[in-house]
Amino acid sequence: MLETLSIVISVIIYLSIFFLIEYYIFRSYLNWLKKSFLSHRQLFWKNLGFIILILGNLLFIFSMVVTNSNLISISSFSRHLAYLGGFFFSSLLLALIVLCIKDFILIIHRLYRYFIMRTNRVRDIQDLPNQSRRSLLKYGGAASILAISSAPVVSTFMIGDEIQIIKKLISFNNFPKSMNGLTIAQLSDIHAGAYMNLENLTDIFHLVNSLQPNIIVITGDFVDKNTYDLSALSNTFQLLQSDIGVFGCLGNHDHYAGAKDISNMLENSGIKMLNNDGKTLFINNDKISILGVDYEGTKMHPGGYSDIRQALKKVNSDSFKIMLSHNPDFFTTIKKYDIDLTLAGHTHGGQIGFKIGGLNINPAYLAFRYPKGHYIEENKHLYVNVGIGNYGLPIRTIKPEITLLTLSG
């Protein structure tokens with residue numbers, strides 16, 4: 001009963017925030033209409049904006065239904081509708097950011113004029129002739145609306161579907177010399193489901209295999225939220241091939257879908273799941289250990305199931321150690337142990353991020369200490385893969401990633 005009540009309250013809070021954002025944006029749109037168009041033209045554009053808002057909300061609801069459905073594949077028509085819902089939501093967020101920046105600048109400008117320029121008022125847009133001011137606002141506002149509406153679409157189709165292969169050489173003082181040049185292909189945050197179907201997975205896995213890595217690791221979130229057709233997924237994951245083996249650890253979405261079922265499916269696919277577990281590999285008369293911790297939790301998802309000490313018990317203490325951890329911020333704890341390299345995911349690199357001039361607008365840098373890329377602290381290494389799948393909506397302006405790490409001594 002308490003859990004149900006908590007969910008209902010959370011939904012009400014989220015919806016209230018969402019509709020307040022829409023009200024703020026639509027009110028700004030109406031203010032722009034009043035300043036830009038004559039009265040007899042305003043009604044048409046007001047009604048058109050209202051219709052777009054209603055349709056956008058319906059598409060957004062549809063996209064969320066598809067996201068949370070128990071589907072591994074959807075029709076092309078449904079997929080395109082869901083994409084439109086995602087574009088609408090992304091445009092709202094971008095519009096919110098732009099309007100907040102605009103209103104902040106306007107407030108500063110008004111305060112400046114009030115306190116500094118009371119007796120020395122300069123000519124600005126308010127002083128222009130009525131027709132000139134209206135034209136400037138009309139075309140400037142129209143250009144802004146077009147840019148905000150098209151940015152998620154252009155970014156997604158030009159960037160989001162293009163998988164980048166990041167090749168990185170990492171050197172360690174204690175890496176076994178006989179294993180110099182060992183390669184590890186890292187995948188993360190696959191989110192198999194409606195927006196990452198079996199055909200997509202097949203293409204990605206063939207791309208991974210073409211890199212001919214010695215080891216393949218997958219750092220969590222194999223599926224999105226639900227338990228899909230596990231037998232079909234199992235057959236697809238069997239496509240991954242490497243000389244030494246394929247290893248993985250669980251992410252938060254794997255727990256949402258049912259951690260035990262997902263782990264069993266992946267083990268049956270030939271993937272060694274390291275849930276607070278580890279394995280020492282003997283290569284060229286030297287030792288290297290692959291460890292993994294179960295999902296460790298975050299500030300947003302407290303708790304967790306991780307046990308580093310349990311994993312360390314399963315490997316040779318004097319071996320070079322690589323830890324798989326879904327949550328990169330768990331590195332603050334992992335680096336306290338005798339673990340040389342940590343591989344993580346979870347952040348999606350923000351998934352949706354924009355650069356406006358020198359300003360980097362990306363939620364990952366606010367939510368995570370280690371949002372993406374390579375970090376070195378206390379002589380311990382961390383690499384955060386931005387993932388290849390999408391969370392929530394089929395929108396991604398941060399390029400999906402396959403990492404190919406080459407280790408050397």
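The values are calculated or read from the model by the stated rules, or taken from the named source; none is laboratory data. This one's a predicted model, so the numbers in the text were calculated from it and none came from an experiment. Ideal geometry is used to build each Cβ from the backbone, glycine not excepted, and the neighbour counts take in all protein chains shown.
Listed by position, the helices (runs of 4 or more DSSP H) enclosed by the stretch 194-279 include none that has at least 2 residues that are out of contact with any Lys or Arg (no Cβ under 9 Å at 6 or more places or on another chain), farther than 21 Å from Ile308 by Cβ and in the same structural domain as Ser63 (by TED's automatic domain parsing).
Residues are listed down the side, and each one gets a yes or a no for (1) within 20 Å of Glu401 (Cα to Cα); (2) in contact (Cβ under 8 Å) with a residue 60 or more places away in the chain:
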site	(1), (2)
Phe222	yes, no
Val246	yes, no
Asn252	yes, yes
Ala257	no, no
Ser263	no, no
Lys272	no, no
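Of Lys287, Lys279, Lys272, Lys260, all but one fail to be out of contact with any strand residue (DSSP E or B) (no Cβ under 8 Å at 6 or more places or on another chain) and either closer than 15 Å to Asn327 by Cβ or among the basic types (Lys, Arg) (or both); the exception is Lys260.
Please determine whether any residue of the stretch 213-224 is of a type in the set (D, E, K, R), surrounded by 21 or more Cβ atoms within 10 Å (Cβ to Cβ) and either more than 30 Å from Thr280 (Cβ to Cβ) or over 24 Å from the mean Cα position of the chain (by Cα) (or both). Yes, some residue in the stretch 213-224 is of a type in the set (D, E, K, R), surrounded by 21 or more Cβ atoms within 10 Å (Cβ to Cβ) and either more than 30 Å from Thr280 (Cβ to Cβ) or over 24 Å from the mean Cα position of the chain (by Cα) (or both). Screening Leu99, Leu55 for residues that are outside the structural domain of Asn197 (by TED's automatic domain parsing) and either among the small types (Gly, Ala, Ser) or within 30 Å of Asn197 (Cα to Cα) (or both) leaves exactly one candidate, Leu55.
Taking the criterion of being among the aromatic types (Phe, Trp, Tyr) and under 12 Å from Leu382 (Cβ atoms), the residues of the stretch 309-344 that qualify are Phe330, Phe331.
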